[in-house]
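The values are calculated or read from the model by the stated rules, or taken from the named source; none is laboratory data. Being a predicted model, the structure only gives us computed values, none of them experimental. Heads up, the Cβs are rebuilt from the backbone with ideal geometry, glycines too, and the neighbour counts pull from every protein chain shown. Accessible surface is based on the protein model in full, side chains and every heavy atom, while ligands, DNA and RNA are left aside. Shrake-Rupley method; radii C 1.70, N 1.55, O 1.52, S 1.80 Å.
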Amino acid sequence: MVERLRASGQPFLAYHPGLVRDTLAYHGCAELFQDVHTELIQYRRAQLIKQGIINDELSVDSHSRRENGSCPLMPEEVGLLLRALGYPSKTIIYLAGSKTFGGQRLLIPLRALFGNLVDRTTLCSKTELSDLVGPEAPLPADIFRLPLPKSEQQLIDQWKKAGPRPRPLPPPPDRPIYQHEKEGWYAWILEKDKEPDPSPMEHRMQAHRLIWDALDYIVSVEADALFPGFNNDGSGWPDFSGLVIGQRLYERASSRTYRPDRKTIAALFNITRDDMYHPKRDWMLSVKEHLNRSLSEDGFFRQSLLSKPNSFLSHPLPECSCRIPSVETTKQIKGKDGRIVFGGEEECPKWMELARAEGARNDDMESAEDDNDTVEQLEPDAVDATSSLTSLIDHDEEWDPND
């Protein structure tokens, strides 16, 4: 998948929206959505309150939570931020995440700004994905069955038991329930107050989503740039973007990983909310300055202070790093809990230094052998070139060899 993304010769950016139902319900971001999605988030939030996971009210102001940085950035906002950074419309963006709450409707603005928005279904065929899952036993399909119609005698008995006359006219017949209205994971909300238990097929799809998340994790780690839609949520649970940021920090600390401050981004969007697609130049400069600062040491320190107390995997430094003796000891930076979040690395062990020196020696030997082979191949060509050059000089005395 990574090779196919880089086949065109240009780098690609990985983007994880972070739009998960549990996360949105935990932080109270229901009002940022519409219709049935708001009801689904509120239902899940009521469950979390009942289980004691949330000690808060059911109905909260989602817009204030968004301005506080507690809600994810919408895909439309991310597209505008990337455009302000100067990314061209042909930039390849890989959409990570097995499921985006809200569906493809939320991705329409981002896809309009960046046409090369791809995911695993775009890069891989159905056969490749099914081969990755492996053979599975067939399951019965979840077929919706309409309620049995009442007989004429049942209707007459119901009419007789309706009460004394005069009776109102019976209600008109119900509108037929179409098949497309009963399909999908939210169909239960049309006629029930309680979410039904997952079916065997839904359990199987949840298992498949774990595999898709693993694929997206690998692609996101290998991406040339990463833009997280939601991380450091403060819940203490590990999130996808936080794990990817920690892995990229461990493997390549210099990789281009954006660490936006959602509170600052929300304040910037409030300034130009009425004219988002034609912002002023000062606004674009402010966005570019903030996101470029998130790539520098300031963003790294801020990320370490926020991530370290909640999840070690999102910031595995300095525990999973060491310094060579020739490098000076960096200044230690501690968080509020007293833990070291930057600096204070111990010296690398001797066996690691020996292995590093041995690897450098082998690389030098291989490069020297390659240079010798190149010289041997070039020697006959050099002789021919010299003879031809001499003949040209003899042929034309006025010819300048420096031309």
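Please enumerate the residues belonging to segment 252-272 that are assigned to a helix (DSSP H, G or I) and open to solvent by 90 Å² or more (accessible area, probe 1.4 Å).
Answer for segment 252-272, where residues must be assigned to a helix (DSSP H, G or I) and open to solvent by 90 Å² or more (accessible area, probe 1.4 Å): Lys263, Ile271.
Within segment 345-362, residues that are modelled with pLDDT of 70 or more have Cβ atoms under 6 Å from residues that are open to solvent by less than 50 Å² (accessible area, probe 1.4 Å) in these pairs: Glu345/Pro318; Glu345/Ser321; Glu345/Arg323; Cys348/Ile324, counting only partners at least 6 apart in sequence or on another chain. Residue count for segment 79-100 satisfying the condition of being open to solvent by less than 10 Å² (accessible area, probe 1.4 Å) and part of a loop (DSSP other than H, G, I, E, B): 1. Residues that are over 22 Å from the mean Cα position of the chain (by Cα) and open to solvent by 70 Å² or more (accessible area, probe 1.4 Å) occur in segment 60-78; there is at least one.
Just need a number here: residues in segment 24-57 that are hydroxyl-bearing (Ser, Thr, Tyr) and either in a loop (DSSP other than H, G, I, E, B) or in the same structural domain as Glu222 (by the TED database) (or both). Here the count works out to 0.
Which one is farthest from Leu106 (Cα to Cα), of the residues in segment 215-242 that are open to solvent by less than 50 Å² (accessible area, probe 1.4 Å) and in a helix (DSSP H, G or I)? Filtering first and then ranking leaves Val221. Across segment 49-84, the qualifying residues are those that are free of Cβ contacts under 8 Å to residues at least 12 places away in the same chain and of a type outside the set (D, E, K, R), and the one among them that is farthest from His290 (Cα to Cα) is Gln51. Of the residues making up segment 189-201, one or more are among the β-branched types (Val, Ile, Thr) and either open to solvent by less than 50 Å² (accessible area, probe 1.4 Å) or modelled with pLDDT of 90 or more (or both).
Within segment 293-301, is even one residue of a type outside the set (Gly, Ala, Ser), part of a loop (DSSP other than H, G, I, E, B) and under 22 Å from Pro17 (Cα atoms)? No, segment 293-301 contains no residue that is of a type outside the set (Gly, Ala, Ser), part of a loop (DSSP other than H, G, I, E, B) and under 22 Å from Pro17 (Cα atoms). Evaluated against (1) surrounded by fewer than 24 Cβ atoms within 10 Å (Cβ to Cβ); (2) touching a residue at least 12 places away in the same chain (Cβ under 8 Å); (3) not hydroxyl-bearing (Ser, Thr, Tyr), Ala14 falls short on exactly one condition, (1).
Scanning segment 279-303 for residues that are more than 17 Å from Gly69 (Cα to Cα) and of a type in the set (S, T, N, Q) yields Ser286, Asn292, Ser296.
Number of residues in segment 1-44 that are farther than 22 Å from Leu110 by Cβ and in contact with a Gly (Cβ under 7 Å, 6 or more places away or on another chain) equals 0.
Would you check if there is a residue in segment 302-316 being open to solvent by 70 Å² or more (accessible area, probe 1.4 Å) and among the polar types (S, T, N, Q)? Yes, there is a match, as at least one residue in segment 302-316 is open to solvent by 70 Å² or more (accessible area, probe 1.4 Å) and among the polar types (S, T, N, Q).
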